[in-house]
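The structure under discussion appears below in the form of structure tokens.
The values are calculated or read from the model by the stated rules, or taken from the named source; none is laboratory data. Because the structure is a prediction, the values reported are computed rather than measured. Counting neighbours? That spans all protein chains shown, and the Cβs are built from the backbone with ideal geometry, glycine included.
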2 protein chains.
Amino acid sequence: MVSHAHSDIHGEVAERLRVAGQRYTTKRRTIIDLLAGVGQPMSIADLLERRSDLPQSSLYRNLVVLEESGVVSKVVTTGDQARYELAEHLTGHHHHLLCSSCGAVRDVVVPDALEHELDNALGKLAKREGFTLDRHRLDLIGRCSSCQ
Amino acid sequence: MVSHAHSDIHGEVAERLRVAGQRYTTKRRTIIDLLAGVGQPMSIADLLERRSDLPQSSLYRNLVVLEESGVVSKVVTTGDQARYELAEHLTGHHHHLLCSSCGAVRDVVVPDALEHELDNALGKLAKREGFTLDRHRLDLIGRCSSCQ
DNA sequence: ATGAGTGCAAAGGCTTTGCATTAGG
DNA sequence: CCTAATGCAAAGCCTTTGCACTCAT
């Protein structure tokens with residue numbers, strides 16, 4: 001499974017929020033729509049720019065709630081500001097291309113075979129270290145096609 | 001090669017700074033010693049705490065210089081504050097265990113075989129995407145042994 | 001000597017919070 | 001209804017910067 005039909009998204013988000021004891025308000029819907037529409041990790045500045053009806057404080061507070069409810073995840077980049085995207089259960093497991101020149105972030109999917117080997121090797125490694133492995137994060141860092 | 005003898009470090013740092021047109025001052029030596037001594041990524045607060053003779057502004061400014069000279073690198077974690085460690089040409093290539101509970105970061109080395117497959121697969125992938133791959137970043141995210 | 005490096009304190013920028021108002025279930 | 005969510009403005013926190021002084025070469 002790589003991604004859900006767009007129509008599924010709101011249902012799944014609503015369910016996750018419900019489980020977390022949170023309401024699915026209009027603003028939260030707006031944020032989810034924005035993230036789903038762009039399909040790439042967005043900075044808070046990006047989000048504010050696209051929807052002037054989202055006050056900063058609401059955006060920040062809602063992103064915290066959405067993240068804690070497992071609906072969006074924070075993407076850590078090479079640069080300064082945080083970025084957010086829909087959680088992987090909504091988009092499918094993927095990784096990121098990080099441009100160290102312009103800061104752009106793009107999603108990328110690696111071959112299943114590699115993914116399996118990673119899971120395998122990292123699982124053993126974590127066990128040996130007494131570490132409870134939740135997930136892995138793999139980023140490709142370099143220069144995007146526009147920044148050659 | 002996994003790491004250099006401690007005695008090599010200052011020589012190599014001095015050389016890198018020289019090439020970058022930077023001086024190897026007492027404060028910079030202090031920072032390098034701290035990072036080399038701990039052997040784990042340190043937050044700025046950590047560093048300040050250990051050496052009260054390092055004013056914040058000098059620490060911040062020097063970390064910028066050391067990073068630009070390729071001597072230290074910034075480690076991006078799940079959490080709030082940035083962490084710094086010696087660059088990989090001084091420590092050897094490695095990855096990180098990130099505890100999402102307490103924020104601890106620990107270095108870890110993955111099997112060579114996996115590392116090679118990663119390089120291989122990611123190289124192809126980057127090429128296909130028109131992305132100039134500089135390096136990869138692989139983190140294990142979960143709970144450390146103290147946070148079960 | 002002389003420009004890079006340093007240190008204090010002040011300014012910046014992003015993020016969080018207090019409190020009164022509004023709206024979701 | 002009644003509590004969670006919202007919005008404005010103020011406060012916080014980490015990081016950067018201005019400027020005078022000091023040290024490395």
Some residue of segment A:40-53 being more than 28 Å from A:His95 (Cβ to Cβ) and either more than 9 Å from DNA strand D (Cβ to nearest atom) or hydrophobic (A, V, I, L, M, F, W, C) (or both): yes
Boolean, B:Glu115 is acidic (Asp, Glu) and within 8 Å of chain A (Cβ to nearest Cβ): no
Subset of segment A:33-46 that is in a helix (DSSP H, G or I) and more than 10 Å from DNA strand C (Cβ to nearest atom) - its residue that is farthest from the other protein chains (Cβ to nearest Cβ): A:Asp33
Residue list for segment B:121-130, filter: free of Cβ contacts under 8 Å to residues at least 12 places away in the same chain and facing another protein chain (nearest Cβ under 7 Å): B:Ala121, B:Leu125, B:Ala126, B:Glu129, B:Gly130
In segment A:78-131, the residues that are closer than 21 Å to B:Lys127 by Cα and hydroxyl-bearing (Ser, Thr, Tyr): A:Thr78, A:Ser100, A:Ser101
Subset tally (residues that are away from chain A (no Cβ under 14 Å) and among the aliphatic types (A, V, I, L, M)) for segment B:48-86: 9
Residues that are over 14 Å from A:Asp134 (Cα atoms) and not in a helix (DSSP H, G or I), drawn from segment B:126-139: B:Gly130, B:Phe131, B:Thr132, B:Leu133, B:Asp134, B:Arg135, B:His136, B:Arg137
Residue that is at pLDDT 95 or above and under 11 Å from the mean Cα position of the chain (by Cα), where the choices are B:His89, B:His94: B:His94
Residue count, segment A:57-112 (criterion: outside any strand (DSSP E or B) and charged (D, E, K, R)): 6
Hey, B:Leu133 within 22 Å of A:Gly79 (Cβ to Cβ), in contact with a helix residue (DSSP H, G or I) (Cβ under 9 Å, 6 or more places away or on another chain), more than 14 Å from every other protein chain (Cβ to nearest Cβ) and modelled with pLDDT of 95 or more or not: no
One residue from B:Gly123, B:Gly142 being more than 15 Å from DNA strand C (Cβ to nearest atom), at pLDDT below 95 and either touching an Asp or Glu at 6+ places or on another chain (Cβ under 7 Å) or in a helix (DSSP H, G or I) (or both): B:Gly142
Residues of segment A:51-87 classified as exposed (fewer than 13 other Cβ atoms within 10 Å of the Cβ), more than 9 Å from DNA strand C (Cβ to nearest atom) and among the charged types (D, E, K, R), total: 2
Filter result for B:Arg61 (at pLDDT below 95 and not hydrophobic (A, V, I, L, M, F, W, C)): no
Selection count, segment A:96-108, where residues are of a type in the set (Val, Ile, Thr) and either facing chain B (nearest Cβ under 9 Å) or over 28 Å from A:Gln81 (Cβ atoms) (or both): 1
